[in-house]
1. Nearest 5 percent is fine: what portion of the DSSP beta bridges confined to segment 49-178 is antiparallel?
2. Write down the accessible area per residue of segment 50-178 in Å², having rolled a 1.4 Å probe over the full set of protein chains.
3. When you count, for each residue, the other Cβ atoms within 10 Å and take the mean per peptide, how do 106-112, 53-59 rank with the highest first?
4. All other residues with a Cβ under 12 Å from the Cβ of VAL91 taken together, and with Lys, Arg as +1 and Asp, Glu as -1, what is their net charge?
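The values are calculated or read from the model by the stated rules, or taken from the named source; none is laboratory data. If you're wondering where the values come from, they're calculated on a predicted model, not measured in any experiment. Cβ atoms come from the backbone with ideal geometry, glycine included; neighbour counts cover every protein chain shown. For the accessible areas, the whole protein counts, side chains as well, though only heavy atoms, and no ligand, DNA or RNA atoms are used. Shrake-Rupley method; radii C 1.70, N 1.55, O 1.52, S 1.80 Å.
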Amino acid sequence: TRRHTLSLHDALPISPSYAHDPVCELLYTATTISIEPPSRCRQDCLHHEMIFTNARLIFSDGIRDGLEVVVEEGKIVAICERSLAQQKHEVIDLDGNYLAPGFIDLHVHGALGRDTMEASAEAFRSVCDFHASGGSTSLLLTTATAPLNEIVKVLQAVRDFRSAIGAIAGVHVEGPFI
């Protein structure tokens, strides 16, 4: 199975029956979600109108069944009861699998032999892609205990590449004082 991430940049209209539900507020204020298991590439997901159905939605106060997540142009536009208006949307049946907000990892040194201290777009992309495969939709790249000039090099690289690598939420500066 593949994991797909959809970013939410706008407010999310929620079915009136859920408008004041604290569970829906979690998704209303979320910045990203991770979707599993559709086997389409991420680019396709961002350009289709889809309804994710037959999923177990994970909210802050529990798990709910019987709701649908409607996505248009890569954004959640509604969380509602199962609907009959599915003509213009591709329907993706998640077969009872979980649908959850994406994870935010606050301490990531690297992955797959790549390290934040490399201060390169290639290293950052490898790290972010690896963590996305496990459900992290954003992360803080974490520096190692190192001389200050090497830490500054990482900070400058993050500043330069952050807009091109959306999963980078910032930097956790761990050194040089540890």
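1. Working: 15 of 29 bridges.
For segment 49-178, the DSSP antiparallel bridge percentage is about 50.
2. In whole numbers, segment 50-178 has 51 Å² accessible per residue.
3. Working: 106-112: 14.7, 53-59: 19.0.
Most protected by this proxy first, the peptides run 53-59, 106-112.
4. Values: positive: ARG82, LYS88; negative: GLU49, GLU68, GLU90, ASP93.
With Lys, Arg at +1 and Asp, Glu at -1, the neighbours total -2.
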